[in-house]
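Chemist: I'd like to ask you about the structure that follows.
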Amino acid sequence: MELKIGDGTVTNTVVKKYYITVGATYNKGQAYTCIAIDTARNVWAGTNKAGVFFLNKKTTPGATQFSVLPYSGTLDPTKFLVQSISCDSLGNAWVGHGGAGNTTGSSGGMERIDYNNPATIQHYTPTSQTQCLKLGVNDGLATRNIQCVVVDRKNTVWSAHKYHDLTTSPNYYVTPGSFSFKSPAATIFTTKSTWDDRVNGMEPAELPYPAYTCNPPANKTAQTRTCNSIACGKDEVWVSVFPYEALNGAVFPARILRYNLNGAYIGPSIDFKTVGVPTAGGVFNGIFINKKGDAWVTVSAGKGFGVKINGVWSFITPADMPCVFPSGASINQNAIWGNKFGHVFIGTNKGLIVYNGEGSVKSASSYSFYAFKKDNGAN
């Protein structure tokens, strides 16, 4: 049996164990950047400048072809780099993107799409309030470059952002990365640690404003404070933050910050030492938390992944499980997800790692690995 997604194929001989429906190829040749399923079991898929795709399973359960959503207004999703999609239980898909791409993120931000009227798209823009540049409140998002979107059990939308920048010779400005959230009752997003927060004395101690965002000297690098991953548990939200130097002089390593569902910091932060990452380098590039509070975090640069079960962390490196981690395998950004049956799926550049839902997380026998099938039929 084969599970085919976009232009990649995962060979799977025990696929029914994971409760995945197989037997159909969806839009062969189309590469997708992210996939989400809404409460009506419709499937949403993002692309790199090919639009937002929609598979209507509610009205056509046997549908096997995605269609590109029509759009209204001035923004054209076929020009967006869609990086994350998440669905709430109120009938909305939230699409996070980097606009036309690159660090300027032209027209980037968030789109809200109504399940029942997908042609209607509401666009949310960032609030560019930086040390050198103030463009007004807009819709409160941190930047034009959204890396990850999730929705918690209260239907609050959370987004993790990379920086965006602007060069107007001879000036260079950086709008630093951060994270944003919006409850269903709110009209705009709230962002942590904006320039206004610093000016108003509301700068959070755990996430202070970064240094050198305004015309950095030649001997300094702009500290862009990228937030690349965000995940919701039952009562917590975890945000991955890159290493950076703050304007107040503090230097922070790669870490994960913990907040409650109202956006209040609950700490302590999680760093490589907490998780047991054996060597320096890389960042936390993916997070999954289940309803019991168990957590899985992935680390870039081929480091591996950490697992917290009953409050105890274990870290698994490629050397620990060479049959699970092929040579040269590295975990892709935000390529981790789990289901209610205890299975955890981790996407790598070599194929799919699956924790089988039982057994020690330190044992290779608790995992399966599915290599991508090449066009010539070889694995």
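Chemist: Can you name the number of the only condition in (1) under 23 Å from Pro210 (Cα atoms); (2) open to solvent by 40 Å² or more (accessible area, probe 1.4 Å) that Phe284 fails?
Modeler: Only one criterion in (1) under 23 Å from Pro210 (Cα atoms); (2) open to solvent by 40 Å² or more (accessible area, probe 1.4 Å) is unmet by Phe284, namely (2).
Chemist: Can you list the strands (runs of 3 or more DSSP E) lying wholly within the range 85-146 that have 2 or more residues being open to solvent by 30 Å² or more (accessible area, probe 1.4 Å) and either modelled with pLDDT under 90 or within 24 Å of Tyr172 (Cβ to Cβ) (or both)?
Modeler: Fully inside the range 85-146 and qualifying: 117-124.
Chemist: Moving on to the next point. For the range 14-38, enumerate the residues that are polar (S, T, N, Q) and either modelled with pLDDT of 90 or more or over 25 Å from Gly338 (Cβ atoms) (or both).
Modeler: Across the range 14-38, the qualifying residues are Thr25, Asn27, Gln30, Thr33.
Chemist: Which condition from (1) open to solvent by 40 Å² or more (accessible area, probe 1.4 Å); (2) in contact (Cβ under 8 Å) with a residue 12 or more places away in the chain; (3) part of a strand (DSSP E or B); (4) polar (S, T, N, Q) is the one that Ser159 breaks?
Modeler: (1)
Chemist: So, Asn248, is that one farther than 30 Å from Asn339 by Cβ, touching a residue at least 24 places away in the same chain (Cβ under 8 Å) and open to solvent by 30 Å² or more (accessible area, probe 1.4 Å) or not?
Modeler: The answer is yes for Asn248.
Chemist: Sticking with this one: Provide a single number: the residues in the range 45-59 that are open to solvent by 50 Å² or more (accessible area, probe 1.4 Å) and assigned to a strand (DSSP E or B).
Modeler: The total comes to 1.
Chemist: For the range 33-47, enumerate the residues that are touching a strand residue (DSSP E or B) at 6+ places or on another chain (Cβ under 8 Å) and in contact (Cβ under 8 Å) with a residue 40 or more places away in the chain.
Modeler: Thr33, Cys34, Ile35, Ala36, Ile37, Asp38, Thr39, Asn42, Trp44, Ala45, Gly46
Chemist: Is it the case, given these coordinates, that Arg153 is surrounded by fewer than 22 Cβ atoms within 10 Å (Cβ to Cβ), without any contact (Cβ under 8 Å) to a residue 60 or more places away in the chain, out of contact with any helix residue (DSSP H, G or I) (no Cβ under 7 Å at 6 or more places or on another chain) and of a type in the set (Lys, Arg)?
Modeler: Against the criterion (surrounded by fewer than 22 Cβ atoms within 10 Å (Cβ to Cβ), without any contact (Cβ under 8 Å) to a residue 60 or more places away in the chain, out of contact with any helix residue (DSSP H, G or I) (no Cβ under 7 Å at 6 or more places or on another chain) and of a type in the set (Lys, Arg)), Arg153 does not qualify.
Chemist: From Ala254, Ala231, grab the single residue that is in contact with a helix residue (DSSP H, G or I) (Cβ under 8 Å, 6 or more places away or on another chain) and farther than 17 Å from Tyr173 by Cβ.
Modeler: After applying the criteria, what remains is Ala254.
Chemist: Within the range 302-352, which residues are on the phi > 0 side of the Ramachandran plot and not small (Gly, Ala, Ser)?
Modeler: Residues satisfying the conditions are Asn310, Asn334.
Chemist: So is Pro204 open to solvent by 50 Å² or more (accessible area, probe 1.4 Å), on the phi < 0 side of the Ramachandran plot and in contact with a Phe, Trp or Tyr (Cβ under 8 Å, 6 or more places away or on another chain) or not?
Modeler: No; evaluated as a whole, the condition is false for this residue.
Chemist: Quick check on the range 213-230: of everything there that is touching a residue at least 24 places away in the same chain (Cβ under 8 Å) and over 27 Å from Phe181 (Cβ atoms), which residue is most open to solvent (accessible area, probe 1.4 Å)?
Modeler: Asn215
Chemist: If you go through the range 289-307, how many residues are open to solvent by 30 Å² or more (accessible area, probe 1.4 Å) and within 18 Å of the chain's Cα centre (by Cα)?
Modeler: 2
The values are calculated or read from the model by the stated rules, or taken from the named source; none is laboratory data. Source: prediction; values computed, not measured. When we count neighbours, we look across all protein chains shown, and the Cβ atoms used for this are built from the backbone with ideal geometry, even at glycine. To get the accessible areas, we keep the full protein, side chains included, count just its heavy atoms, and leave off ligands, DNA and RNA. Shrake-Rupley method; radii C 1.70, N 1.55, O 1.52, S 1.80 Å.
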